[in-house]
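Here's the structure, in structure tokens; my notes come after.
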Amino acid sequence: MGYYGAYPKTVRFFRKLSLRRILLHKKIRNCRVNCEFNRVTVFPLRTVIHGELWDKNVMLAKLLNGRMEVMFTDWKNAAINSPTVDLAFFILSSTNAELRTNHLRQLLEKYFFTFTENLKRFDLNLAKDFPEFSFEAFVADFEQSLIGAFFQVHELNLIKIRRNYSRATK
């Protein structure tokens, strides 16, 4: 049975997919695109985003001095948008439910703190230049980004399953 030896029910399910389900998937994909990438962000700051930031697009290397170096690959979906778009996708696609349940607030606080500290390196006076910029606004935008990230993760999983199914049936 190849790759799906442990997943016979999944194989049977996808073999029974009807045209109607495929059309529904296309509608969901279009909704994701419209909901996420074309939405008007309420977040006051926009930045370059990766667009598909998940563990498979992150390379880590330990340097001789003990520090870690991070490199992001596969930039074909890069865009200008809220930083919470990448954060929401990464958290949904690359962490488990237990981590999200127990540590989401800590992750958001750490990201927000690191993001704002890096902005200071560009001599931005956040209180003056962006008075609406706050942790609460960041969390609200993150929650909005979760909607698009949910559809993006769903589509990514379907692509992986189809690819693996194709390999298994060859």
- [ ] Please find, within the range 130-142, the residue that is nearest to V58 (Cα to Cα) out of those that are surrounded by 14 or more Cβ atoms within 10 Å (Cβ to Cβ) and of a type in the set (F, W, Y).
- [x] F142
Open item on the list: Looking only at the range 59-91, how many residues end up being loosely packed, with under 15 Cβ neighbours inside 10 Å and of a type in the set (S, T, Y)?
Closed with: 1
Task: Index of the failed condition, Y111 passing every other in (1) closer than 18 Å to T47 by Cα; (2) open to solvent by 40 Å² or more (accessible area, probe 1.4 Å); (3) at pLDDT below 90 - done: (3)
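Looking at S94, S145, which one is within 18 Å of N57 (Cβ to Cβ), open to solvent by 30 Å² or more (accessible area, probe 1.4 Å), touching a helix residue (DSSP H, G or I) at 6+ places or on another chain (Cβ under 6 Å) and modelled with pLDDT of 80 or more?
Values: S145 fails: open to solvent by 30 Å² or more (accessible area, probe 1.4 Å).
Answer to the check: S94.
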Open item on the list: open to solvent by 80 Å² or more (accessible area, probe 1.4 Å) and either modelled with pLDDT under 90 or aliphatic (A, V, I, L, M) (or both): is that true of R105 in this structure?
Closed with: no
Open item on the list: Within the range 14-34, does at least one residue satisfy the condition of being under 20 Å from F138 (Cβ atoms), touching a Phe, Trp or Tyr at 6+ places or on another chain (Cβ under 8 Å), assigned to a helix (DSSP H, G or I) and modelled with pLDDT under 85?
Closed with: no
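Is there a residue being open to solvent by 50 Å² or more (accessible area, probe 1.4 Å) and at pLDDT 90 or above anywhere in the range 114-129? Write out each step before concluding.
To start, the set of residues in the range 114-129 that are open to solvent by 50 Å² or more (accessible area, probe 1.4 Å) comprises 114, 117-118, 120-125, 127-129.
Then keep just the ones that are at pLDDT 90 or above; that gives 114.
Yes, there is a match, as at least one residue in the range 114-129 is open to solvent by 50 Å² or more (accessible area, probe 1.4 Å) and at pLDDT 90 or above.
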TODO: With the checklist (1) of a type in the set (A, V, I, L, M, F, W, C); (2) in contact (Cβ under 8 Å) with a residue 24 or more places away in the chain; (3) over 21 Å from T47 (Cβ atoms) in hand, flag the one item F133 doesn't pass.
DONE: (3)
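Which fully enclosed helices (runs of 4 or more DSSP H) of the range 73-170 have 3 or more residues being within 17 Å of the chain's Cα centre (by Cα) and among the acidic types (D, E)? Let's see the steps before the verdict.
On the way: elements: 83-94, 97-120, 126-129, 135-169.
Correct list: 135-169.
The values are calculated or read from the model by the stated rules, or taken from the named source; none is laboratory data. None of the values given here were measured: they were computed from a predicted structure. So basically every Cβ, Gly included, is an ideal-geometry build from the backbone, and we count neighbours across all protein chains shown. Ligands, DNA and RNA are stripped out before the accessible areas are found, and what is left, the full protein with its side chains, is counted by its heavy atoms. Shrake-Rupley method; radii C 1.70, N 1.55, O 1.52, S 1.80 Å.
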